[in-house]
Amino acid sequence: MSGGRRRREHEGARPLRRFLREPTAVVGALLLIVVTFPLYAASWVAPDDPYVVDVPHRLAGFSRAHPLGTDGLGRDMLSRMLYGGRKSVLLTLVVTLLITFVGVFLGILAGMRGGIIDRLVVQLVDIVQSVPIVIVSMVTIAVLGAGTSKLIFVIAVLGWPRHTRVVRAATLSLRERQFIESCRVLGASRLRIALRHVVPNIVRPVVVLSTLDVGRILLLISTLSFLGFGARPPAPEWGSMLADARRYFFVAPRLLIIPGVAIFLVALGANLFGEGLRDAFEARTG
Amino acid sequence: MAEPLLTVEDLRVQFRTDHGVVKAADGVSFSVFPDEVLGIVGESGSGKTVTALSVLRLLPPTARVTGRVTFGGRDMLALPAAELRAIRGDRVGLIFQDALAALNPLHRVGKQIAEAVRVHHHGTSRDDAWKRAVELLGLVGIPTPEERARQYPHEFSGGMRQRAMIAMAIANDPDVLIADEPTTALDVTTQAQILELLKDVRRRTRSALILITHDFGVIAGVADRVLVMYAGKVVESGTVDEVLLRPAHPYTRGLIASMPRVAQETRHLVRIAGQPPSLVDVPAGCPFHPRCPHARTPDPCAGAVPQLLPTPGGGHAVACHLSDELADPLAELGTA
Amino acid sequence: MRGTGRYAVSRLLLAVPTLFGLSFLSFVLGSASGDPSSKLASAGLPPEILPTPEQIDAVRHRLGFDKPLLVQYWRWLTKALHGDLGRSLLTHRGVTDAIRDALPSTIELALSSVLIMVVLAVPLALIGARTRGRWLPQIVRLVELSGASIPGFFLAYLLIYVFAVKLHLVPVVGQSGWKSMVLPAFTLAALPTALVARLLQSSLVEVMREDYVRTARGKGLADLRIYLGHAMRNAALPVLTVLGSILASLIEGAVVVELIFGRSGIGNLTLESAGSSDYPMMQGVVLLAGVVVVLFNLAVDLLYPIIDVRVRLGARS
């Protein structure tokens, strides 16, 4: 048979090419890198200690000493943005990872085990998804007390249903396929099947889902901090910084704009990147 | 010889995909005359559906279409959108293969047929259009058409859905009907019924019919002339009698030989060796040569693309370098 | 329509345990904030005098806090079903009354946002689905994803700055008149609009690839007519399934919007109660929010067969 002169392409090459063809996807990736990069290097890049209060120089505009000015207590904005951003982004990543693991675990468990366990998981998903997460988070934190560890715990406990639904559906449809049956017949344990066959097939949709979740979770964390249920002052965090800046809205609007724009850019970058991934992974037919 | 209703000249259809450029149709030319049935036969991927769809420019926007399609004195491929829409469903009617997918699942059947009428006869009231839809359903042999018109596509059986599709296609008395594999999704008895219906309807409306299928048996029963397509090209064309009795192209012979015949005892099922080529990577020269039992490579079969030329015995046309030598068909038929 | 009856019943059966679980969750959250007996005991006394342990115990016993958790839950639940959610620790008013007073404002806000969402998302999705070319689809995607990326509290201040402060088109805060609804509704609508537009758009693209769209074209229908008449209804189906989470995000967003724009409403109530550990109010609000979402989802589930006739008649799609 003729044809087949083409050499076999690497598995990952085609999605990569598709990804690079979408300008918004590339922009998303760049945004993420550009905006978050300084955050990693906060301790080197920051001109000042974010906690140092300097009341005589409060609400100062842009200057050499304070490239982004100072806030209501004279603290350097740039430093607070850098350290605050590191906190926000790190929190977001930790929570997203937790949610991913919990969600994937429960999804595979429900899909592979079926029966009572599946029903329980589905019911749990239903209940947890029913209440708006912001409201339950607020109430729970009111009970447990504020602070970052509580925040992580609360959101992780409430945020996994989406992952579980997707993974469960994927697991169920994979189970239907013949090759899983033949593995069972050959005596493979369920765990082995799960790890060797199910997991590799769900990696892509889970990666897309988690990337898209980053934006959602960052917004959630910032909102909770804004409302006073997140990071406790004086620790810098973009959401709570914006809340502090409210009283200076007419005097120094940049104190609101800078953290707001920062949150927006990171979330947008994550969303664009995630959508780009989704399109790249999807096989497109003529 | 009457004037052709529809003429296709050097039609080429290409798609750009991740894997490369797919040449779905590569230089297809034919004519359709009034009141005749033209069959287009070939395996899936031979380009027959693409050819038919491109007549009305119904291919996805990723398709690149070149060539000329003349209908009513105009080139369809160059027609402005509004005029094209006037022709679709009015002078040319379409019948698709999978009627369940081809009908909107959320609209009542009667409404979909009535829509075909109202689009082209703006003055028609909803009532009149509905009445016409019911009338058409009755015409195609659907019992209790008033009730049926109010139902949804999934409430119909496969055969009934196909009848409804036919009703929709003939709603405006078209000059040409194009039926793409109208019986493939049906069981054998229903197939026969639908074919009878098609013949009947066509006779009544005096429209030409382009019948696309992979089944030579269907062609034999209904068509006047036939085109055999392979890998996007026409490899043989002529009247049905000629092509069936004296197939000139090795592919056609293979197709005919592979039809299982009830009355004949066979020990093996004859098949054509190999697979149809990928349309991204069509073999050089004659596209069939890798599978052809008579091919002489590299010359001439892997060299130039054979042109569609009249057969030595006259009667029809074939695209094969070796047509003179292979003129004796009897050696191929009836192998057991 | 036997099929619909069975479907409805099965949906109801699923909703009931959810409602139970939800109410239990609400109850637990509230009661986990601690035993308010000492606070309540000191309510009737002058500020300097602390209640004695016996007094606290008496209050505790009277209010039933010494009973096991499940019993307390049951008592709370039965009272709730009769409309009595207890008294706010903050204002001493009935929780049910407070909720009832706060509800209309929030509903008004939510409905306005939904209106804006529909008016903006549908054309956006149509444009996004129709355009080809290099730049326009990218711009549409950018707009849609921006809506999903901007924090509500930031958008609110941006809009206030531009439209109220600089342009003086609308009042900055306040609740009177339709003009004061404009900015809050737009702020609240941003995220749902983005999500619905995105979903509807990709759904439309899928639907336009279907065979019956090709048939419609083959009949001679114009593109716009196909989009509106054939594609929309089919494309809206996946959007229906996420309406519940859209509602949930509206409720969430209302917390921030009501705070910033100085509106009274359920969001405000939540914030106050959580800020002051007013546990009966917290229980009431969480219960309300959850019940609303569950009932709404149930309604959507029951409505689905009416729109997707294949489900209605029990057909395989």
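The values are calculated or read from the model by the stated rules, or taken from the named source; none is laboratory data. Remember, predicted model here, so these are calculated numbers, not experimental data. Virtual Cβ from ideal backbone geometry, glycine too; neighbours counted across all protein chains shown. Areas reflect the complete protein model, heavy atoms only, side chains present, ligands, DNA and RNA absent. Shrake-Rupley method; radii C 1.70, N 1.55, O 1.52, S 1.80 Å.
If I fit a long axis through the Cα atoms of helix A:161-176 and take the longest principal axis of the Cα atoms of chain A, what angle between them do I get, 0 to 90°, rounded to 10?
Roughly 10 degrees between the two axes.
Over the Cα atoms of the stretch C:231-317, what is the Rg over Rh ratio if Rh follows Kirkwood?
A ratio of 1.16.
When every alpha-carbon pair in the protein assembly as shown is counted, what percent end up more than 51 Å apart?
The proportion of pairs with Cα distances above 51 Å equals 36 percent.
Along each of its three principal axes, how wide is the spread of alpha-carbon positions in the stretch B:10-69, in whole angstrom units, largest first?
Largest first, the stretch B:10-69 extends 42, 24, 18 Å along its Cα principal axes.
Are any of the pairs B:K111/B:K131; B:K23/C:K219; A:K87/A:K150; B:K131/B:K199; B:K111/C:K219 more than 22 Å apart by Cα-Cα distance, and if so, which?
B:K23/C:K219; B:K131/B:K199
Once a ≥ b ≥ c are taken as the square roots of the eigenvalues of the Cα gyration tensor of the stretch B:145-303, is the result rounded (a/c under 1.5), prolate (a/b larger than b/c) or oblate (a/b not larger than b/c)?
Prolate shape, in that a/c is at least 1.5 and a/b is the bigger ratio.
Which residues in the stretch C:274-311 place their backbone N less than 16 Å from a point set 7 Å from the Cα of A:R119 along the Cα-to-Cβ direction?
none
Explain nothing, just the number: dipole magnitude of chain A about its Cα centre with +1 on each Lys and Arg Cβ and -1 on each Asp and Glu Cβ, in debye rounded to the nearest 20.
1100
Just want the answer: with Cβ charges of +1 for Lys and Arg and -1 for Asp and Glu, which residue in C:F65, B:T144, B:H120 is farthest toward the dipole's positive end in the protein assembly as shown?
With unit charges placed on the Cβ atoms, the residue in question is C:F65.
Arranged from highest to lowest average of other beta-carbon atoms within 10 Å per residue, in what order do the peptides B:233-240, B:248-255 appear?
B:248-255, B:233-240
Could you work out the per residue convex hull volume over the alpha carbons of chain C, in cubic angstrom?
Dividing the Cα hull volume of chain C by its residues yields 176 Å³.
Peptides C:142-148, B:3-9: what's the order by average Cβ count within 10 Å, highest mean first?
C:142-148, B:3-9
I'd like the interface area for chains A and B: accessible area of each alone minus the complex, both sides summed, 1.4 Å probe, protein heavy atoms only. What is it in Å² to the nearest 100?
800
Fully extended, how many nm does the chain gain between A:E282 and A:R58 (0.36 nm per residue separation, minus their Cα-Cα distance)?
75.5 nm
Where does the Debye-calculated log10 I(q)/I(0) of chain A sit at q = 0.07, 0.14, 0.16 Å⁻¹, using only Cα point scatterers of equal weight, no solvent?
-0.36, -1.06, -1.23
Which Rg and Dmax, in Å, describe the Cα atoms of the stretch C:102-275?
18.6, 63
With +1 on the Cβ of every Lys and Arg and -1 on the Cβ of every Asp and Glu, and nothing else charged, how large is the dipole of the protein assembly as shown about its Cα centre, in debye rounded to the nearest 20?
Dipole size: approximately 900 debye.
Kyte-Doolittle cut-off 0.0, length cut-off 20 Å along the helix's own axis using Cα: show which whole DSSP H helices in chain C pass.
Helices meeting the span and hydropathy rule in chain C are C:2-31, C:95-130, C:179-208, C:243-260, C:279-307.
Relative contact order for chain A: what is it in percent, counting Cα pairs under 8 Å that are at least 6 residues apart?
Averaging sequence separation for qualifying contacts and normalising by length gives 26 percent for chain A.
At a 1.4 Å probe, what is the % contribution of carbon and sulfur to the accessible area of the stretch B:156-252?
48
Calculate the mean, over all residues of peptide B:98-110, of how many other protein chain Cβ atoms lie within 10 angstrom of the residue's Cβ.
5
Between the alpha-carbon centers of the stretch C:197-228 and the stretch B:153-169, tell me the distance in whole angstrom.
Taking the Cα centre of each part, the stretch C:197-228 and the stretch B:153-169 sit 21 Å apart.
Students sometimes get this wrong: rank C:W74, A:W160 by accessible area, probe 1.4 Å, all chains present, largest first.
From most exposed to least exposed: C:W74, A:W160.
Please report the net charge: other residues with Cβ closer than 12 Å to the Cβ of B:R126, K and R +1, D and E -1.
+1
What is the Å³ per residue value for the convex hull set by the Cα atoms of the stretch B:189-235?
81
Whole Å is fine, so just give me how far the alpha carbon centre of the stretch B:39-93 lies from that of the stretch B:175-208.
One Cα centre to the other: 20 Å.
Per DSSP H run of n ≥ 4, the term is -39500 (n - 2.57); total these for chain B, divide by its residue number, and report the mean residue ellipticity at 222 nm rounded to 500 deg cm²/dmol.
Value at 222 nm, helices only: -8500 deg cm²/dmol.
Averaged over peptide C:267-274, how many Cβ atoms belonging to another chain are found within 10 Å of each residue's Cβ?
Partner Cβ neighbours, averaged per residue: 4.
For C:H92 and C:L237 in the same chain, what is the full-extension length gain: residue separation times 0.36 nm, less their Cα-Cα distance, in nm?
47.6 nm
What does the average come to when, for each residue of peptide C:291-299, you count the partner chain Cβ atoms lying within 10 Å of its Cβ?
2
About the Cα centre of the stretch C:102-275, how large is the charge dipole given +1 on each Lys and Arg Cβ and -1 on each Asp and Glu Cβ? Please answer in debye to the nearest 20.
Computed about the Cα centre, the dipole is about 820 debye.
Using a Gaussian network for chain A with springs between C-alpha atoms less than 10 Å apart, which of these wobbles most: A:E22, A:E275, A:E176?
Greatest mean-square fluctuation among the candidates belongs to A:E176.
How big is the Rg/Rh ratio for chain B, C-alpha atoms only, Rh by Kirkwood, two decimals?
Looking at chain B, the ratio lands at 0.99.
If the cut-off is 19 Å between C-alpha atoms, which lysines fall inside it for C:K67, apart from same-chain ones fewer than 8 positions away?
Qualifying lysines at Cα under 19 Å: C:K39, C:K79.
Picking from C:A289, C:A222, C:A194, which is most flexible by a Gaussian network model of chain C using Cα springs under 10 Å?
Result: C:A222 has the largest fluctuation of those listed.
Just want the answer: with Cβ charges of +1 for Lys and Arg and -1 for Asp and Glu, which residue in C:M208, C:L271, C:M232 is farthest toward the dipole's positive end in the stretch C:102-275?
Of the options given, the answer is C:M208.
Could you check what % of the DSSP bridge pairs in the protein assembly as shown are antiparallel, to the nearest 5?
Of the beta bridges lying entirely in the protein assembly as shown, close to 65 percent run antiparallel.
Under 10 Å, Cα contacts only: if you run a Gaussian network model on chain B, which one of B:S125, B:S46, B:S323 comes out with the highest mean-square fluctuation?
Highest fluctuation of the listed residues: B:S125.
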